[in-house]
Amino acid sequence: MPIFNESYHTWDGYLKERPGTWFVIAKTGVKLAWTKGLIFLLIFSIIPFFVGAVKIFLFSKVQDVGIMTPQIKKIVEDVSFFYDFLKGQMFYLILISIFTGAGLIARDRKNKSFGFYFSKPVSFWDYVAGKFFITGAYGFLVTGAPALVLFIIKVLISRDASFLSNYYYLFFSILGASILSVITMSSVVLAFSAVAQNVRTAAIFFFTFLILPDILRKIFSNVPFVGVFSLTALLKQAQAYIFNVQTPYGFSDISMITAILLILLLSLVILKLKVRTTEVVS
Amino acid sequence: MLYLLRFFTINSFKNKKFTGIAALCALPVVFTLLFIVLYSLFTEQEINFSALFPKISLLLYVHFLLPLVSLFLGSAVIGDEREEQTLSYLLTRPVPRARIIQAKLLSSWVMLSVILNISLFFSYSILTIGSGISHWSSSLLIFIKSGAVLVTGAAVYLSLFALVGGLLKRPVVAGLFFIFGWEASVAFLPGKIKYATIVHYLHSLYPSLNQINNTQNLKANILNFIVSVKNISPLKSIIVLTAITGICIFAASLLLSIKEYRLDQNQ
Amino acid sequence: MKIESIKLSKWYGQVIGVNNLNCSVEPGITGLLGPNGAGKTTLIRLMTGQLRPSKGSVRINGEEVWNNHRLFKNIGYAPEKDAFWSHMTGEEFVYSLTRMYGFDHDQASAMTKKAIETVEMTESKDKKIAGYSKGMRQRIKIAQAISTDPDILILDEPLNGMDPIGRRSVIDLIRKMGKMEKIVVVSSHILHEIEEMTDTIILMSHGRVLAQGNIYEIRELIDTHPLKVVIRCSNVDVLTAKLMEYEDVKSVQFDREQNQLMVETVKPSEFHKRIPELALKNNISIYSLYSPDENLEAVFSYLVR
């Protein structure tokens, strides 16, 4: 029997990062997030979609019969129907973001799992993109996806192609508005998840960050610029801008864009600081 | 029981979570101070305390901070011990399981009541001190009554969320849905459906609301979004709230007594 | 005083933790052995009332354990998990858990001091547990278990992460408690640790008890695996020839250069009695005699497949 000589080799190479690593993290996370509680929450959040679909269907029938009041016309033809729908889904987007996103990085920190990720050819951007996709996917499922389906239903139910030819841009408005909301919410919830020691803390502080400025806006309505600190107000203002409808709040477009960009930047900075393999403990 | 109560109370204050809760409860004080500064910079009007304090204490404390921090603490009554895996120490002491949860609830209630009232006191003082010490002392009764509402609300919400925390694996989302979905909308609907909320009964105990409702000047009522609370008396509210608290504590204690906790499972 | 399980079963959904387990633990040290996933920790959690039996029962002194907090007055338990209220010092941790037994401040302080001294943690008792090494955390866990001098001590993997010196002191402590007629249950998957502490074991695998009792008695019962005995003597050829005459001797391998033979026998007791007689009759000097097989590892490997 031959004897093989196994020599010891020193390898001077480097671990080449493979494209698509983030997708592995994303796919696994999406599967893991799919629990009974999430299904229940999704079902709840889809109810407005069914209400909207019934509205579109019923009022198109009313239109067929020839009864057209200003309220019905608003539902059937006014683009603010989709804007109102996305506005209404904001609360569910918050809950879904908490449910899917609050624990994504907090659990990895608590269980000291960063070492597992970054000892492989996984970069910081792969990690963040993967986590981002998890909460973004479910967020889009309750915002953009049902709104787009409602748009398609409206197109299909229309008597002729006039709705599509007049309002084709709504497709892109819905896509843009929902993606903006999802990106912003996901960034913020991941930032809180990176800072918090556990899921509960991340969820509560994220929620506080969202809701408290709204309450302060109601109390201190005499003080200008208070609304700029409210993320939900900023997103609603941005959505109104995208849909080209009347903006609900008084602050300018420049301050709105600046505030949103600042929030995104701050979230990224927090993620960069907190997502590390080693942590110095004093 | 006394030692358990002391143990959990000291634990609560030494826990890192306490810093977070204190920071949360400090936010209204910070914003009130900021408001005073910005208001005095941008307007020349005098601050109307009687208009502003009820707004702050009701919207910021009763509707927001109280239920949110109660959710944070209530869902952590067993959740924290389970996550930290220290539950096995508690369950293997010669102490009835129900007593553990009751002691934890009581210590959380003490901590929450103290922190909320300290925060409310500072907010109240910041708003009133500008108008002079006499104004501060003459309106002290409103502060005390508002504080009492917070203490009562804390007991109810804590026990409710302790039960929810024991029943559900992820109580925070359910709790947020209850507070900011159910209570935020249903409490202001006409009809009897608002009896199915806790905040409706807290409204009836609220001093400024009662005062305002006793006047004819409803149009001047800055809380004019609140539907009439005339149809439930404070006494009935206290009885209902006490009953809810008792039932939730009993159910949560029973749950801990009969439920087993596999600490090797992920949260 | 006794811990007994009667037809005890515990399942988690489709997974069986323990399966129709009947065993009894008497005063003294009992090693609870088994590979990972055998059901040791499940059995311990059932014994300490943390889990409710799906079927059957586990009783301490005739009383059901589940939801019976009064029984815990006499039980000290050190869990396997590394879990503490990390803001506490070692002393605070032991003291707090001792006070929960109903002792007043002075009693609990004295008990805490004694327990900490026993586990040799006096120098570090005022430091926060978060700053302890793994071995120190294990010791402080054991301290809280022994602080009230319980009649029943249940230790789940107590030597995990301990250095050799720490191991030695904990083993000595466990041996001391076993001599005091207390029930001590020690769970481990490290065989030589258990062998150092006790001869009495409960061997588990796949949720079942494979064997219970004295290691050597168990070994004798395993007749499907003949016992190996190694003998060094002055006359290998003669001894081999004599041994081969007996039916219970299944095989003999010998090495003339080493003056050594290895015998496989299915009747170890009779074999051991026979050797001195044969040696005397045939004028053979026996230099050494040992069994590489009469240990826990052999028992473990034969029974656990």
Worksheet item: To the nearest 0.05, what FRET efficiency results for B:TYR195 and C:GLU195 with a Förster distance of 45 Å applied to their C-beta separation?
Response: 0.05
Response to the item:
Pairs over 23 Å Cα to Cα, from A:LYS31/B:LYS169; B:LYS169/C:LYS40; C:LYS2/C:LYS114; A:LYS236/A:LYS274, come to B:LYS169/C:LYS40; C:LYS2/C:LYS114; A:LYS236/A:LYS274
Worksheet item: What ranking of A:TYR92, A:TYR138, A:TYR168 emerges when the number of other C-beta atoms within 10 Å of each C-beta is taken as an exposure proxy, fewest first?
Response: A:TYR168, A:TYR92, A:TYR138
Worksheet entry | Filtered GluC sites (Glu not before Pro), the stretch C:143-222: DSSP coil and at most 15 other beta carbons within 10 Å | C:GLU181
Worksheet item: Taking the simple approach of a point 7 Å from Cα along Cα-to-Cβ for both A:LYS27 and B:LYS16, what is their distance in nm?
Response: 3.4
Worksheet item: Using the Cβ atoms and a cut-off under 14 Å, what net charge is assigned to the surroundings of C:LEU278, where Lys and Arg are +1 and Asp and Glu are -1?
Response: -1
Discussion item. With angles folded into 0 to 90 degrees, how steeply does helix C:164-179 sit against the dominant principal axis of chain C? Use alpha carbons for both and round to 10.
Written reply: 90
Item to complete: For a footprinting-style exposure proxy, rank C:CYS23, B:CYS248 by other Cβ within 10 Å, fewest first.
Response: C:CYS23, B:CYS248
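Ignoring everything except DSSP H segments at least 4 long, calculate the 222 nm mean residue ellipticity for the protein assembly as shown; use -39,500 (n - 2.57) per segment, divide by total residues, nearest 500.
Roughly -18500 deg cm²/dmol at 222 nm, from the helical runs in the protein assembly as shown.
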Worksheet item: Pairing the Cα long axis of helix C:268-281 with the longest principal axis of chain C, what angle in degrees results, from 0 to 90 and rounded to the nearest 10?
Response: 40
Worksheet, complete the sentence: Taking r as the C-beta separation of A:ASN111 and C:ASP126 and R0 as 25 Å, the FRET efficiency to the nearest 0.05 is 0.25
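For C:LYS2 and B:VAL186, what does the FRET efficiency come to when R0 = 51 Å and r is the distance between their Cβ atoms, rounded to the nearest 0.05?
It comes out at approximately 0.30.
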Discussion item. Here is the link list: B:LYS17/B:LYS236; C:LYS113/C:LYS182; C:LYS125/C:LYS179; B:LYS14/C:LYS176. Which ones come out longer than 30 Å on Cα distance?
Written reply: B:LYS17/B:LYS236; B:LYS14/C:LYS176
Worksheet entry | Stretchable slack from C:GLU270 to C:TYR287, in nm (0.36 nm times residue separation minus alpha-carbon distance) | 4.1 nm
Practice prompt. Just rank A:ASP84, A:ASP253, C:ASP149, B:ASP80, fewest to most, by other beta-carbon atoms within 10 angstrom.
Written response: A:ASP253, C:ASP149, A:ASP84, B:ASP80
Worksheet item: Where does helix C:105-118 land angle-wise versus the long Cα axis of chain C, in degrees 0 to 90, nearest 10?
Response: 30
Discussion item. Take C:LYS114 and B:LEU168, extend 7 Å from each Cα along the Cα→Cβ direction, and tell me the distance between the two endpoints in nm.
Written reply: 4.9
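Bear in mind that the values in this text are calculations on the coordinates, not laboratory data. These figures come from a predicted structure and were not determined experimentally. Cβ coordinates were reconstructed from backbone atoms using ideal geometry, including for glycine residues, and neighbour counts include every protein chain displayed.
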